[in-house]
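Chemist: One structure, pasted below without further comment.
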């Protein structure tokens, strides 16, 4: 699988209402990956407008702080 880039999770924007992490895509849209997918070990963020994908770099314990934002 070929990735456009590798992005650290702390460089992404977390939106608690949608449980999505986003990151700007060169096409003008945003790469997206869901918190639940990350918890399941998925690490591929996709752009809904183009074919680009990013790999999200994180450790499972990194997700705890985002879980707390949902409480």
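Chemist: Does the stretch 15-29 include one or more residues that are surrounded by 10 or more Cβ atoms within 10 Å (Cβ to Cβ), part of a helix (DSSP H, G or I), in contact (Cβ under 8 Å) with a residue 12 or more places away in the chain and within 12 Å of the chain's Cα centre (by Cα)?
Modeler: no
Chemist: Also: If you go through the stretch 45-54, how many residues are surrounded by 15 or more Cβ atoms within 10 Å (Cβ to Cβ) and farther than 15 Å from residue 13 by Cα?
Modeler: Qualifying residue count for the region: 2.
Chemist: If you don't mind, another one. Among the residues of the stretch 46-71, write down those that are touching a helix residue (DSSP H, G or I) at 6+ places or on another chain (Cβ under 9 Å) and in contact (Cβ under 8 Å) with a residue 12 or more places away in the chain.
Modeler: Scanning the stretch 46-71 gives 56, 57, 58, 60, 62, 63, 66, 67, 70.
Chemist: Related question: Would you check if residue 37 is within 13 Å of the chain's Cα centre (by Cα), surrounded by 17 or more Cβ atoms within 10 Å (Cβ to Cβ) and part of a helix (DSSP H, G or I)?
Modeler: Against the criterion (within 13 Å of the chain's Cα centre (by Cα), surrounded by 17 or more Cβ atoms within 10 Å (Cβ to Cβ) and part of a helix (DSSP H, G or I)), residue 37 qualifies.
Chemist: Look at the stretch 1-14 and say how many of its residues are part of a loop (DSSP other than H, G, I, E, B) and closer than 13 Å to residue 33 by Cβ.
Modeler: 2
No lab work stands behind these numbers, since they all come straight from the coordinates. Since this is a predicted model, take the numbers as computed values, not measurements. No Cβ is skipped: glycine too gets one built from the backbone with ideal geometry, and neighbour counts run over all protein chains shown.
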